[in-house]
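The values are calculated or read from the model by the stated rules, or taken from the named source; none is laboratory data. Computed from a predicted model, the values in this text were never measured in an experiment. Reconstructed Cβ throughout: ideal geometry from the backbone, glycine too, with neighbour counts over all protein chains shown.
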Amino acid sequence: MGPGPSAPERRAHAVRAAVEQGIVGPDVPLVGLLDVTGIRASAAALRAAFDQVTPPGTPVLHAFAVKATPLVPVLRLLYEHGGIGAEVASPGELALARTAGVRPAHTVLDSPAKTPAELREALALGIAVNADNPQELARIDALVSSAPTSSPIGLRVNAQIGGGSIGALSTATATSKFGVALRDPGAREWVVRACLDRPWLTRLHTHSGSQGLPLELMARGVAAAYELAEEINAAVGRRQIDTVDIGGGLPVNFTSDSETPSYADYARLLKQHVPGLLDGRYGLVTEFGRSLLAKHGTVLARVEYAKTSGDRPIAITHAGVQIATRTVYAPESWPLRIAAYDAKGLPKPGPPVAQDVAGPACFAGDLLAENRLLPPLDQGDYAAVLDTGAYYMAAHYAYNSLARAGIHGFTAGPGGVRFSVVRPPQTVDEIVAESGGAHADALLA
């Protein structure tokens, strides 16, 4: 039996089937589609990449960054079929992970603003906690002295290696809000002393990766954390730091269907630059998000109207700032690919024409693409917004009180395409309820 359809082939089958089966159409003009086969393949590739560079038996926890795609069915799929745990950064994300069945032992709590209640809950459950700063560590001191915990506890450090091409996402700059800045005067010595004073502080956490950051720079950040772990253990005289959480941030290719760089590329680079971290003496935690989901999501939006303004063709669709917030507000940093389909869900023929693909929001900049060469989009056609499985379809922005789109998972095989509801579309009644509908008279004097 030969290999199944490729990712682009599965996507094409799903778009056509979504139209034919009424998943999307005049009454449901916007939908998110998630490729289950692709998600499973990415999870398997992540595990295989680090298995290749670590000795058998090395403790490795891959924890999905829930913020990337905060959907319970996605978390459950990754956990049950991919062996991927959860990295959470809020009470809401923790609740999603627990609802998905992710065990505390496979959950990591990160956040620069954890409240006492959040810390208390995590420590009571046995969830791994990465403290962000000295004041948070002092809170943890009080909590662990008052009640025993099985939680692994770590400290986040910032190697201050510099930023990438997208400043807003660069987490390891000189003035980043995250972690203890290791190059600041006295900071490194403080970290070593903090560990000497706390035998239960057994992990270091760093997160140097982000979209727009070269792999070599990511590896430098990991190397800095490893070198600090070695320094601490030498000072203590034993292997107190037993695990290094290297974060995530593997960049995603948004220009084609090629999945580059790969997890294997990154793992091999780490093996080359930080061999001591991967020789079996240390456990590892990773926190990848975008790279696991982005390539496996497609937003499909119906063209409601096609018009011309100043000789520029414009396709008015139902996908805009509410579903592609980063792209609309920072198009240079977050360009997205658009594919054109006709009213039957088939690839749109015709020579490319420079045109705008616009969203439904009431401001002029609500554009998914500007002056983009595409086959002409007509009323009733579909614009497919590719690579939107992470930080897009599940990260709704309620501009104009636009409804959250429904999201469906799909599998495409010899028997056709099967869809499953991941998240139903938001109803108008739900919008009213979330907007204080039950408290209409609250501000009347």
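For every residue, the table says whether it meets (1) touching a residue at least 40 places away in the same chain (Cβ under 8 Å); (2) outside the structural domain of Leu119 (by TED's automatic domain parsing).
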| site | (1), (2) |
| --- | --- |
| Ala17 | yes, yes |
| Glu20 | yes, yes |
| Ala68 | yes, no |
| Leu71 | yes, no |
| Ala86 | no, no |
| Pro91 | no, no |
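Of all the listed residues (Ala86, Ala43, Ala48, Ala117), the sole one being part of a helix (DSSP H, G or I), among the aliphatic types (A, V, I, L, M) and surrounded by 20 or more Cβ atoms within 10 Å (Cβ to Cβ) is Ala43. Pairs are defined by a Cβ separation below 9 Å, a sequence spacing of at least 6 or placement on different chains, a first member in the range 107-136 that is basic (Lys, Arg), and a second member that is surrounded by fewer than 15 Cβ atoms within 10 Å (Cβ to Cβ) and in a loop (DSSP other than H, G, I, E, B); the pairs so defined are Arg120/Ala147.
For the range 191-204, indicate whether the set of residues that are at pLDDT 95 or above and of a type in the set (S, T, N, Q) is non-empty.
Yes, that holds for at least one residue.
Every listed requirement among (1) in contact with a Leu (Cβ under 7 Å, 6 or more places away or on another chain); (2) assigned by TED's automatic domain parsing to the domain that holds Gly283 is met by Pro56 save one, (1). Scanning the range 219-250 for residues that are of a type in the set (A, V, I, L, M) and touching a Pro at 6+ places or on another chain (Cβ under 9 Å) yields Val236, Leu250.
I need the full set of residues from the range 49-67 which are aliphatic (A, V, I, L, M) and within 14 Å of Lys271 (Cβ to Cβ), in order please. Give the derivation first.
Looking only at the range 49-67, we keep the residues that are aliphatic (A, V, I, L, M), and these are 49, 53, 60-61, 63, 65-66.
Ala49, Val53, Val60, listed by residue number.
The requirement of being at pLDDT 95 or above, under 13 Å from Leu300 (Cα atoms) and crowded, with 21+ Cβ neighbours inside 10 Å is fulfilled nowhere in the range 349-356; no residue meets it. A count restricted to the range 260-277 and to residues that are surrounded by 15 or more Cβ atoms within 10 Å (Cβ to Cβ) and either outside any helix (DSSP H, G or I) or not assigned by TED's automatic domain parsing to the domain that holds Ser208 (or both) stands at 3. A count restricted to the range 352-391 and to residues that are farther than 20 Å from Leu33 by Cα, among the hydrophobic types (A, V, I, L, M, F, W, C) and in a loop (DSSP other than H, G, I, E, B) stands at 5.
Mind listing whichever residues of the range 392-424 are small (Gly, Ala, Ser), assigned to a strand (DSSP E or B) and farther than 11 Å from Thr298 by Cα?
Gly406, Ala412, Gly413, Gly416, Ser420
With respect to Leu250, is the statement that it is more than 26 Å from Tyr341 (Cβ to Cβ), outside the structural domain of Asn400 (by TED's automatic domain parsing) and outside any loop (DSSP other than H, G, I, E, B) true? It is false that Leu250 is more than 26 Å from Tyr341 (Cβ to Cβ), outside the structural domain of Asn400 (by TED's automatic domain parsing) and outside any loop (DSSP other than H, G, I, E, B).
Rundown of residues vs (1) within 16 Å of Asp35 (Cβ to Cβ); (2) within 22 Å of the chain's Cα centre (by Cα), yes/no style:
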site	(1), (2)
Ala398	no, yes
Arg404	no, yes
Ile407	yes, yes
Ala412	yes, no
Gly416	yes, no
Pro424	no, yes
Ile431	no, no
Ala438	no, no
Leu444	no, no
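The set of residues in the range 429-443 that are of a type outside the set (Gly, Ala, Ser) and assigned to a loop (DSSP other than H, G, I, E, B) comprises Asp441, Leu443. Residue count for the range 218-244 satisfying the condition of being surrounded by fewer than 18 Cβ atoms within 10 Å (Cβ to Cβ) and of a type in the set (A, V, I, L, M): 3. Residues that are hydroxyl-bearing (Ser, Thr, Tyr) and over 24 Å from Gly276 (Cβ atoms) were ranked within the range 51-83; the one that is surrounded by the fewest Cβ atoms within 10 Å (Cβ to Cβ) is Tyr79.
Count of the range 15-64 residues, restricted to those that are basic (Lys, Arg) and farther than 19 Å from Ala86 by Cα, is 1.
Here Ala63 clears all of (1) within 27 Å of Tyr397 (Cα to Cα); (2) assigned to a helix (DSSP H, G or I) except the condition numbered (2).
So that you can scan it fast, the table gives a plain yes or no per residue for (1) under 22 Å from Thr54 (Cβ atoms); (2) in contact with a Ser or Thr (Cβ under 7 Å, 6 or more places away or on another chain):
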residue	(1), (2)
Gly237	no, no
Asp242	yes, yes
Phe254	no, no
Asp265	yes, no
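Scanning the range 10-40 for residues that are of a type in the set (Val, Ile, Thr) and either assigned to a loop (DSSP other than H, G, I, E, B) or in contact with a Lys or Arg (Cβ under 7 Å, 6 or more places away or on another chain) (or both) yields Val19, Ile23, Val24, Val28, Thr37. Quick check: anything in the range 194-208 surrounded by fewer than 15 Cβ atoms within 10 Å (Cβ to Cβ), assigned to a helix (DSSP H, G or I) and over 18 Å from the mean Cα position of the chain (by Cα)? Within the range 194-208, one or more residues are surrounded by fewer than 15 Cβ atoms within 10 Å (Cβ to Cβ), assigned to a helix (DSSP H, G or I) and over 18 Å from the mean Cα position of the chain (by Cα). Within the range 302-352, which residues are more than 13 Å from Glu370 (Cβ to Cβ), β-branched (Val, Ile, Thr) and within 19 Å of the chain's Cα centre (by Cα)? Those that are more than 13 Å from Glu370 (Cβ to Cβ), β-branched (Val, Ile, Thr) and within 19 Å of the chain's Cα centre (by Cα): Val321, Ile323, Thr325.
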